[in-house]
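What follows is a short report on a single structure.
Just so it is clear, none of the values below were taken in a lab; they were calculated from the coordinates. Keep in mind the model is a prediction, meaning the values are calculated, not measured. Virtual Cβ from ideal backbone geometry, glycine too; neighbours counted across all protein chains shown.
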Amino acid sequence: MEICIYTLVFIFGAIMGSFLNVVAVRLSREESIIWPGSHCDVCNHRLKWFENIPIISYLIQGGKTRCCNSRIPISYLLMEVITGVLYCTSYHSFGFSYEFVISLVFISALITIIVADIEYMIIPDEVIGVSGIIIIILDWIFYGLEATSKCIVSGILAFILMYVIKLIGDKLFKRESMGGGDIKLLFLFGLVVGFSLSICDIFLATFIAFPVALFMLFRRKDNMIPFGPFLAMGAILIHISKVSIDSIINFLIR
């Protein structure tokens, strides 16, 4: 029975991963996510249903389109697989619960943001705004007004903290040290993981980003490296692991 549930959750995640990839690309290009339907970016051929099956269509077609034999970016396949795996991991952590529903919204938003920021150096405000509103509404329905108010306060505090860090960074480096999207992203983190763990996420994201940044700098000689994907990856790890601030403090003390 559990295998069936995990399979269904993975399939749902893969379908959502395909959709979220479209959302990330189109919002970054300031295009409609509704119209036109799925199509080949090279020849504009309207994809038939069997050309648009997550994971399967990519593998059967050998990573190329049927219409003009153009190569399909492997990021499409990775997006579908990773989203499916993360949805299954979320189910493993939370089961079928209120937290699981909120988790899917949170993970979906962060996956969309990771793709948009890596590909286009943009964190769409629409993703943060819509997902934030949905999470607030779900919190209010599931846990009541008092708990929702605490989540909102945590989100605001996390936002303010990141804004202060940006101001300090701008002062130190004599240039813009952080994009506005990264600051808004912390509001979303505060809503879901709380203020304290949002602070931990900043350190975790920096730790993850440092070796990658060094590699990219030596390879491209380019200092434009988006921080948003690392913040999002850290937040997903913290959220899914269900780690608490107390356990982190105890670990550091020991």
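Could you put 200, 67 in order, starting from the residue whose Cβ has the fewest other Cβ atoms within 10 Å?
Taking fewest neighbouring Cβ atoms as first place, the list is 67, 200.
Neighbour counts of other C-beta atoms within 10 Å: give me 121, 178 arranged from fewest to most.
Starting with the residue having the fewest Cβ neighbours, the order is 121, 178.
How do 125, 139 line up, fewest other C-beta atoms within 10 Å first?
125, 139
Using square roots of five times the C-alpha gyration tensor eigenvalues, list the equivalent-ellipsoid semi-axes of the chain in whole Å, biggest first.
Values for the chain, descending: 31, 24, 17 Å.
Of all trypsin sites (Lys or Arg not before Pro) in segment 32-140, which ones are in loop regions per DSSP and have a Cβ with at most 12 other Cβ atoms within 10 Å?
Listed in order of number, the matching sites are 48.
Give a quick list of GluC sites (Glu not before Pro) in segment 13-116 that DSSP marks as loop, anything other than H, G, I, E or B, with at most 11 other Cβ atoms within 10 Å.
30
Residue by residue through segment 16-29, which ³J(HN,Hα) values in whole Hz follow from phi under the Karplus form 6.51 cos²θ - 1.76 cosθ + 1.60 (θ = phi - 60°), with glycine and proline marked x?
Running phi through 6.51 cos²θ - 1.76 cosθ + 1.60 with θ = phi - 60° gives 5, x, 4, 5, 5, 5, 5, 4, 4, 5, 6, 5, 5, 8 Hz.
Of all trypsin sites (Lys or Arg not before Pro) in segment 99-185, which ones are in loop regions per DSSP and have a Cβ with at most 15 other Cβ atoms within 10 Å?
Qualifying residues, ordered by number: 174, 175.
Let me know the charge dipole size of the chain about its Cα centre in debye, to the nearest 20, where only the beta-carbon of Lys, Arg (+1) and Asp, Glu (-1) is charged.
Value, rounded to 20: 700 debye.
Given the pairs 150/171; 150/242; 150/184, which are separated by over 28 angstrom at their Cα positions?
150/171, as the Cα separations exceed 28 Å there.
Cross-link candidates for residue 174: which aspartates and glutamates have Cα within less than 19 Å, leaving aside residues fewer than 8 places away along the same chain?
Of all the aspartates and glutamates, those that pass the test against residue 174 - Cα under 19 Å, at least 8 places apart if same chain - are 182, 222.
Work the Kirkwood hydrodynamic radius out for segment 93-229: mean of 1/r over every pair of different alpha-carbon atoms, inverted, in Å.
15.9 Å
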